[in-house]
Amino acid sequence: MEALTPSSQAPGGLSFCGKALDYGAPLHDVAHGFVNVAEFKAVHGAAPTHGENVSRFHQNVQGGPAMR
């Protein structure tokens with residue numbers, strides 16, 4: 001579950017995102033912040049397409065390709 005695992009570079013990063021949502025931050029804003037950190041860009045590229053992100057997230061969470 002690479003996409004959902006906090007890294008040593010940002011301890012509490014996933015926790016921070018969850019708390020932000022708990023305190024009413026819009027999901028769009030939290031997601032935007034998540035995909036715009038340097039670590040995400042280093043792993044997934046600076047400008048992946050929506051489809052590339054969905055495919056990678058599905059692979060990381062479900063362990064296989066998205067069904068089409």
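Some notes on this structure:
- Qualifying position, being within 13 Å of the chain's Cα centre (by Cα), surrounded by 11 or more Cβ atoms within 10 Å (Cβ to Cβ) and touching a residue at least 40 places away in the same chain (Cβ under 8 Å), among VAL43, VAL37, VAL30: VAL43
- The stretch 50-68 - residue that is of a type in the set (A, V, I, L, M) and surrounded by 12 or more Cβ atoms within 10 Å (Cβ to Cβ) and, of those, nearest to VAL35 (Cα to Cα): VAL54
- Note on the stretch 1-33: among residues that are part of a helix (DSSP H, G or I) and modelled with pLDDT under 80, the one that is farthest from MET67 (Cα to Cα) is GLY13.
The values are calculated or read from the model by the stated rules, or taken from the named source; none is laboratory data. Being a predicted model, the structure only gives us computed values, none of them experimental. Cβ: placed from backbone, ideal geometry, glycine included. Neighbour counts: every protein chain shown.
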